[in-house]
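Visitor: Below is one structure. I have some questions about it.
The values are calculated or read from the model by the stated rules, or taken from the named source; none is laboratory data. Remember, it's a predicted structure, so these values are computed and weren't measured experimentally. Quick reminder, even Gly has a Cβ in these numbers, built from the backbone with ideal geometry, and neighbours come from all protein chains shown.
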Amino acid sequence: MNPSPRRVWLVAALVGVAAVWGATFVVVKEAVAGYPVNAFLAWRFALATVALVAAFPRAVKAIDSDVARTGVGAGLLLCAGYVFQTWGLEATSASKAAFVTGLFVVFTPVLQAVVLRHPPGSETLVGIAASVAGLWLLSGGPAGAWNVGDTRVLLCAVAYSCHMIVLGSTGRRHDPVPLTVVQLATVAGTTAMLSVLFERAPLPSEPRLLAAIAVTAILGSAAAFVVQTRAQRSIPPSTVALVLVSEPAFGGLFGWLAGDRIGVRGIVGAVLILAAMVFVEVAGARRGSRRTTVPVSVEGPPVPGQAEGAGVTD
């Protein structure tokens, strides 16, 4: 049976979300080249919080103590992911950051095995092996082109994986919109405090910086969450996950258009990582397992919304 026009448009909107998240790697890299990391994140997530509350005004009333506790805990992990990712972009390319961040899709089943005692299947182990090989090639192989920025982004992927575990366990019992509002506000408040303590940044005034804050906050966070929330009402989680897993590919494409060059070896590594991510998603869908699909962003997991299960995907 042919898909309905509504479903086709929703899938197209999800592809647009993945493209926006991929493009934000380049946008953020340019923004933090001349503005402190924590200050940028504070402005971005403060605006995203306001925009999401404007879109869902009833969400604030639905925040109780349980939602607040879970949201703050998940928000701190999300904050760590964004800080490491944005900090890493100061020292590595947007293309490499996109693919390294995407490894959280593969890391999450490993953490599940440790934290939730859900041993990964043989398909996941194959995906892990492929992603490690891809990471080795992307980082320069025997030439050793790995740098401190890549390490920071790798820590970002680990933080995102921990975030997925929280959403896939305690976060599943909460309404996604109030939970996301708390998480966004937590990131905004934490990075603002860090900025005041360590950066003392001036108010943003440069047009390109203001545009970067607006694009990442409105399109990359608030609007992306709204699109994914609506899409998940009529599209299977596995389909949503497979569409959004294209984010690193878009990140690599926009990075290449912006001048990044990772060479043939890096391209092979990026393809291996992307293939590993898709393979893990497909294998999980075939096992009939429920999974976590969240809108962070991001250049990373975009903004977390609804934990569909103990899964593997932003």
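Visitor: Which ones in the stretch 85-95 are assigned to a helix (DSSP H, G or I) and surrounded by fewer than 24 Cβ atoms within 10 Å (Cβ to Cβ)?
Guide: If we filter the stretch 85-95 for residues that are assigned to a helix (DSSP H, G or I), which is where we start, we get 85-88, 94-95.
Result: Trp87, single match.
Visitor: Among the residues of the stretch 36-70, how many are surrounded by 21 or more Cβ atoms within 10 Å (Cβ to Cβ) and either more than 21 Å from the chain's Cα centre (by Cα) or under 18 Å from Ile213 (Cβ atoms) (or both)? If you could, list the steps in order and put the result at the bottom.
Guide: The first filter runs over the stretch 36-70 and keeps only residues surrounded by 21 or more Cβ atoms within 10 Å (Cβ to Cβ), leaving 37-45, 48-49, 52, 70.
Keeping just the survivors that are either more than 21 Å from the chain's Cα centre (by Cα) or under 18 Å from Ile213 (Cβ atoms) (or both) gives 37-45, 48-49, 52.
Residues meeting the conditions: 12.
Visitor: Which count do you get for residues in the stretch 252-271 that are within 25 Å of Ile128 (Cα to Cα), modelled with pLDDT of 80 or more and touching a Lys or Arg at 6+ places or on another chain (Cβ under 9 Å)?
Guide: Result for the stretch 252-271: 2.
Visitor: Further question: Does any residue of the stretch 142-163 turn out to be modelled with pLDDT of 80 or more, outside any helix (DSSP H, G or I) and of a type outside the set (Ser, Thr, Tyr)? Steps first, answer last, please.
Guide: Pass one, the stretch 142-163, residues modelled with pLDDT of 80 or more: 147-163.
Remaining after also requiring outside any helix (DSSP H, G or I): 147.
Those left that are additionally of a type outside the set (Ser, Thr, Tyr): 147.
Within the stretch 142-163 (the criterion being modelled with pLDDT of 80 or more, outside any helix (DSSP H, G or I) and of a type outside the set (Ser, Thr, Tyr)), the answer is yes, since at least one residue qualifies.
Visitor: Of the residues that make up the stretch 164-171, is at least one more than 21 Å from Glu30 (Cα to Cα), modelled with pLDDT under 95 and surrounded by fewer than 20 Cβ atoms within 10 Å (Cβ to Cβ)? Full working, then the answer.
Guide: Taking the stretch 164-171 first, the residues more than 21 Å from Glu30 (Cα to Cα) are 164-171.
Next, from what is left, pick out any that are modelled with pLDDT under 95: 164-171.
Narrowing the set further to residues that are surrounded by fewer than 20 Cβ atoms within 10 Å (Cβ to Cβ) leaves 169-170.
Within the stretch 164-171, one or more residues are more than 21 Å from Glu30 (Cα to Cα), modelled with pLDDT under 95 and surrounded by fewer than 20 Cβ atoms within 10 Å (Cβ to Cβ).
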